[in-house]
Amino acid sequence: MAHYFAHKTAVIDTDCSIGKDTKIWHFSHIMPNCIIGEQCNIGQNVVVSPEVILGKNVKVQNNVSIYTGVICEDDVFLGPSMVFTNVINPRSAIKRKNEYLKTIVKKGASIGANATIVCGNTIGEFAFIGAGAVVTKEVLPFALVVGNPSKQIGWVSEYGHTLEFNEKGIAVCKESNQEYQLKGNTVVKL
């Protein structure tokens, strides 16, 4: 008996590893050789391509495509209809499966609805990608990025709140009361 839930319309190919208490909803396709951690939620009409790795407690909203080369660490949020790419210069008539680039989404990062993540980049821990953003380069931990092409407009806490740093480079999350320090272009939780 499966230790996860899959809706009857979901397609789950062989040779997948799916963690305990994960839920896979309507019309989603889980392809061979992917790894999905415990307590994940895979929304409606999601494609998880071969060899994708999703950590524990990853939330994938409806209509998301996660292509080969993507690794999402624990507690990642993928918003509705966001998409990853895996080849820089795709052409229908030219096979480039040996050119897939790796994209890593680090622990606790959130990617907003309709965002696009161009392959070969890393999204830092607890970064927040705004809805509709097109990410074309690395995103720092705790960074808030928006736009097309995306640009950093600030910093966020682990709880996703904007951080306002004082003259000493210290900010406090308004929800958790956790303190953060800004040193140069790096934010660390104290």
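The values are calculated or read from the model by the stated rules, or taken from the named source; none is laboratory data. All values reported here derive from a predicted model rather than from experimental measurement. Cβ placement follows ideal geometry from the backbone for every residue including glycine, while neighbour counts extend to all protein chains displayed.
So here's what we get for this one:
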| quantity | calculated |
| --- | --- |
| Odd one out for Ala115 among (1) of a type outside the set (S, T, N, Q); (2) farther than 19 Å from Val187 by Cβ; (3) surrounded by fewer than 18 Cβ atoms within 10 Å (Cβ to Cβ) | (3) |
| Count of region 155-185 residues which are modelled with pLDDT of 95 or more, on the phi < 0 side of the Ramachandran plot and either within 19 Å of the chain's Cα centre (by Cα) or part of a strand (DSSP E or B) (or both) | 14 |
| Residue among Lys106, Lys56, Lys97 that is among the charged types (D, E, K, R), assigned by TED's automatic domain parsing to the domain that holds Ala143 and under 19 Å from Trp25 (Cβ atoms) | Lys56 |
| First in region 41-54 and in contact (Cβ under 8 Å) with a residue 12 or more places away in the chain, second anywhere and surrounded by fewer than 20 Cβ atoms within 10 Å (Cβ to Cβ) and not in a loop (DSSP other than H, G, I, E, B), Cβ under 6 Å, 6 or more apart | Asn41/Lys23; Asn41/Lys59; Val47/His29; Val47/Ser65; Ile53/Ile35; Ile53/Ile71 |
| Scan of region 17-43 for residues that are surrounded by 18 or more Cβ atoms within 10 Å (Cβ to Cβ) and part of a strand (DSSP E or B), ordered by number | Ile18, Ile24, Ile30, Ile36, Ile42 |
| Residue list for region 166-177, restricted to those being touching a Phe, Trp or Tyr at 6+ places or on another chain (Cβ under 8 Å) and exposed (fewer than 15 other Cβ atoms within 10 Å of the Cβ) | Ile170, Glu175, Ser176 |
| Filter result for Gly108 (surrounded by fewer than 20 Cβ atoms within 10 Å (Cβ to Cβ) and out of contact with any Ser or Thr (no Cβ under 7 Å at 6 or more places or on another chain)) | no |
| Number of positions in region 71-103 that are within 23 Å of Gly147 (Cβ to Cβ), touching a Cys at 6+ places or on another chain (Cβ under 8 Å) and either of a type in the set (Val, Ile, Thr) or touching a residue at least 40 places away in the same chain (Cβ under 8 Å) (or both) | 3 |
| Residue list for region 55-70, filter: part of a strand (DSSP E or B) and in contact (Cβ under 8 Å) with a residue 24 or more places away in the chain | Val70 |
